[in-house]
């Protein structure tokens, strides 16, 4: 991956390029930033730039033998470790290399912009909790004890380092502090407080901020065909998260369906007719987990917009005529008195879906809670 292919983060790219040009590449670095900020893409581009045979001041060449292999995620000196768990295929002592095919496919398909949930879905671990285990820590030591095949640097990228199991972490402390010559560790994390102190203290932190709205708009223009108003709306709602923006762009065709379903749901909750609510729950329980999550994500955006409209911030709420008509009636019912609770209940619903909660129970419980919240009309 080239720096030029990464969305935004120009100042971070410049700092990374400068460390190479000044021959000051720290052997252990922690790329720390929120979801969707491009941490993994930056790590791969950085490694490619370091090992490029014909790099310029701005980027790797993209055409030398090293770059060609990096572009295909097939370079023998580029290694990855990531959270894994037992699956139907891998029943005992799973290791990252057992899922190398799925990892490579996801990297190439998503251009390295994805989150933990997408990874869990890719490898089919259902409701299990994935970790970076002792087997992978042993594999790190074994892999890095060999000489590099063809590049100046061997690169080990540890994705979601906060998932490093506490009892396994001590295994890599020595090699992390005193690695073989020309070895680069890049740890990637979204929460440094969840990383074991002895690991974190041995790395140089590279802070990666949220993306700007303009960068997300530009990124969407490259990967999808949509009008400027829609891309601007998604960029604003994504709040600096390009993974979230991509998911919204991909589900853009479902927006009308989500809108109609949401309007119907709110009417049922307000009327509090249990048989009708039960019919709604029965229907939505059949549409599949990903569509259920997308629907609740849409509902969260509506609730957020309602709060903004209550605060007279209409300029921050892009709406079409149909949405504007509905929001005019809906705004009094989701307001500063209950808006945060409304938003949190929807967000909790998404988390429960990700953990394989029973959809019928979940949506019935959520409907009853929303029915109560809708009666908290501001005075």
Task: Failed item in (1) part of a helix (DSSP H, G or I); (2) modelled with pLDDT under 90; (3) over 28 Å from the mean Cα position of the chain (by Cα); (4) surrounded by fewer than 16 Cβ atoms within 10 Å (Cβ to Cβ), with residue 368 passing the rest - done: (2)
- [ ] Give 320, 310 a once-over and let me know the one that is modelled with pLDDT under 85, in contact with a helix residue (DSSP H, G or I) (Cβ under 8 Å, 6 or more places away or on another chain) and surrounded by fewer than 18 Cβ atoms within 10 Å (Cβ to Cβ).
- [x] 310
TODO: Look at region 262-297 and say how many of its residues are crowded, with 18+ Cβ neighbours inside 10 Å and within 13 Å of residue 326 (Cβ to Cβ).
DONE: 3
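For region 116-129, state whether one or more residues are closer than 30 Å to residue 5 by Cβ and either part of a strand (DSSP E or B) or not assigned by TED's automatic domain parsing to the domain that holds residue 87 (or both). Give the derivation first.
So in region 116-129, the residues closer than 30 Å to residue 5 by Cβ come out as 116-125.
Filter again for either part of a strand (DSSP E or B) or not assigned by TED's automatic domain parsing to the domain that holds residue 87 (or both), leaving none.
No, every residue in region 116-129 fails to be closer than 30 Å to residue 5 by Cβ and either part of a strand (DSSP E or B) or not assigned by TED's automatic domain parsing to the domain that holds residue 87 (or both).
Are any of the residues in region 329-340 closer than 17 Å to residue 260 by Cβ and exposed (fewer than 15 other Cβ atoms within 10 Å of the Cβ)? If you could, list the steps in order and put the result at the bottom.
Of region 329-340, the ones closer than 17 Å to residue 260 by Cβ are 329-330.
Among the residues that remain, those that are also exposed (fewer than 15 other Cβ atoms within 10 Å of the Cβ) are: 329.
Scanning region 329-340 turns up at least one residue that is closer than 17 Å to residue 260 by Cβ and exposed (fewer than 15 other Cβ atoms within 10 Å of the Cβ).
Just checking, which of 70, 46, 82 is in contact with a strand residue (DSSP E or B) (Cβ under 6 Å, 6 or more places away or on another chain) and in contact (Cβ under 8 Å) with a residue 40 or more places away in the chain?
Numbers: 70 fails: in contact with a strand residue (DSSP E or B) (Cβ under 6 Å, 6 or more places away or on another chain); 46 fails: in contact with a strand residue (DSSP E or B) (Cβ under 6 Å, 6 or more places away or on another chain).
Residue meeting the stated conditions: 82.
Would you pick out the residues in region 21-58 that are part of a helix (DSSP H, G or I) and under 26 Å from the mean Cα position of the chain (by Cα)? Talk me through it step by step, then tell me what you get.
Step one: list which residues in region 21-58 are part of a helix (DSSP H, G or I), which gives 21, 39-51.
The answer is 39, 40, 41, 42, 43, 44, 45, 46, 47, 48, 49, 50.
Given the condition free of Cβ contacts under 8 Å to residues at least 60 places away in the same chain, under 17 Å from the mean Cα position of the chain (by Cα) and over 21 Å from residue 328 (Cα atoms), answer yes or no: does some residue in region 279-288 qualify? Even if it seems obvious, please write down each step before you answer.
Within region 279-288, the subset free of Cβ contacts under 8 Å to residues at least 60 places away in the same chain is 279, 283, 286-288.
Among the residues that remain, those that are also under 17 Å from the mean Cα position of the chain (by Cα) are: none.
Scanning region 279-288, I find no residue that is free of Cβ contacts under 8 Å to residues at least 60 places away in the same chain, under 17 Å from the mean Cα position of the chain (by Cα) and over 21 Å from residue 328 (Cα atoms), so the answer is no.
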Open item on the list: I'd like the full set of residues that are over 27 Å from the mean Cα position of the chain (by Cα) and without any contact (Cβ under 8 Å) to a residue 40 or more places away in the chain, limited to region 178-205.
Closed with: 178, 180, 181, 182
Open item on the list: Looking at region 198-212 only, could you name the residues that are assigned to a helix (DSSP H, G or I) and surrounded by fewer than 18 Cβ atoms within 10 Å (Cβ to Cβ)?
Closed with: 198
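Condition first: in a helix (DSSP H, G or I), touching a strand residue (DSSP E or B) at 6+ places or on another chain (Cβ under 7 Å) and modelled with pLDDT of 90 or more. Can you find one or more residues in region 174-195 that meet it?
From region 174-195, those in a helix (DSSP H, G or I) are 174-177, 192-194; that's our starting set.
So of that shortlist, the ones also touching a strand residue (DSSP E or B) at 6+ places or on another chain (Cβ under 7 Å) come out as 176, 192.
If we keep only those that are modelled with pLDDT of 90 or more too, we end up with none.
No: zero hits.
Quick grid of which residues meet (1) more than 26 Å from residue 245 (Cα to Cα); (2) within 21 Å of the chain's Cα centre (by Cα):
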{"position": "292", "(1), (2)": "no, yes"}
{"position": "297", "(1), (2)": "no, yes"}
{"position": "305", "(1), (2)": "no, no"}
{"position": "315", "(1), (2)": "no, no"}
{"position": "335", "(1), (2)": "no, no"}
{"position": "340", "(1), (2)": "no, no"}
{"position": "353", "(1), (2)": "no, yes"}
{"position": "374", "(1), (2)": "yes, no"}
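The values are calculated or read from the model by the stated rules, or taken from the named source; none is laboratory data. Treat the numbers as computed from the prediction; the structure is a model and nothing was measured. We place every Cβ from the backbone using ideal geometry, glycine too, and count neighbours over all the protein chains shown.
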